[in-house]
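Values quoted throughout were computed directly from the atomic coordinates according to the rules given, and no laboratory measurement underlies them. These numbers come from a predicted model, not from an experiment. When we count neighbours, we look across all protein chains shown, and the Cβ atoms used for this are built from the backbone with ideal geometry, even at glycine.
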Amino acid sequence: MNERDEFLVGGMVPVRCDCGNRVLVKKNSPQHTSVQWLSDTRDCPEICGPRSAFVPTCLRLRDSIEKAVREGTLEVADG
């Protein structure tokens, strides 16, 4: 892996959102999360659904990431 690819995806772990989307995630600290979408965000019912103006992010994805941290499949680099 070259330096650019390592910077962009190094340490990222696949996580499947409860809504069915897949992302790569890296937790740099408890507060900082990097997300790389592997599917089109138009497939996300929370980002593109009827409440999208009120929900700037996919709350189910956030919950899925927190669950992965609790289960130990996603480590927090700073934690």
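General remarks:
- The stretch between R22 and R70, if pulled fully straight at 0.36 nm per residue, gains 15.5 nm over its current Cα-Cα span.
- Distance in nm between pseudo-label sites at N2 and T41 (7 Å out along the Cβ direction from Cα): 2.6
- Note on R60 and A77: the model spin-label points, each 7 Å out from Cα along the C-beta direction, lie 2.9 nm apart.
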